[in-house]
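Bear in mind that the values in this text are calculations on the coordinates, not laboratory data. What you are looking at is a predicted structure, and each value in this text was computed from that prediction instead of being measured. When we count neighbours, we look across all protein chains shown, and the Cβ atoms used for this are built from the backbone with ideal geometry, even at glycine.
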Amino acid sequence: MKINSLGAGREMIELDLVEACNLAGIYHSDSDFERDLKLNSWIGKRKHRCIEFDVVTYSAELERAAADGIEVLITKDKT
């Protein structure tokens, strides 16, 4: 997990999908529906975005998320 300071007291939490699932209390035995509910509950009303991690586009995606006021940025590996 990484916390990016956006200035004016704003922060954006950046974490990968595994970290987000762990923080949300998701287990491998959970159904897809239960996983979605837990992740949604953990995110709450915070503005969020999920992106595929790509070295080439990462910086631009990070800047775009900051400009859009994203509070939780979840990255997943490109598959």
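For this structure, a couple of remarks:
- Three-way shape call for region 38-79 based on the alpha-carbon gyration tensor, with the a/c threshold at 1.5: oblate
- Taking Lys and Arg as +1 and Asp and Glu as -1, the other residues whose beta-carbon sits under 15 Å from that of ASP68 total 0.
- Residue-averaged [θ]222 nm for the chain, counting only DSSP H segments that reach four residues, each worth -39500 (n - 2.57): -10500 deg cm²/dmol
- Fully extended contour minus Cα-Cα distance, from ASP36 to VAL56, at 0.36 nm per residue: 4.3 nm
- In a simple Cβ point-charge model (Lys, Arg +1; Asp, Glu -1; nothing else charged), the chain has a dipole of about 280 debye relative to its Cα centre.
- Overall Cα dimensions of the chain, principal axis frame, Å, largest first: 38, 30, 17
- Packing, taken as the mean count of other beta carbons within 10 Å per residue, orders the peptides 20-30, 46-56, 66-76 from highest to lowest as 66-76, 20-30, 46-56.
- With Cα atoms, 0 to 90° folded angle of helix 32-43 axis to the chain main axis: 40 degrees
- Secondary structure note: in the chain, about 35% of the DSSP beta bridges are antiparallel.
- Degrees separating the helix 58-67 axis from the principal Cα axis of the chain, which is the longest one: 80 degrees
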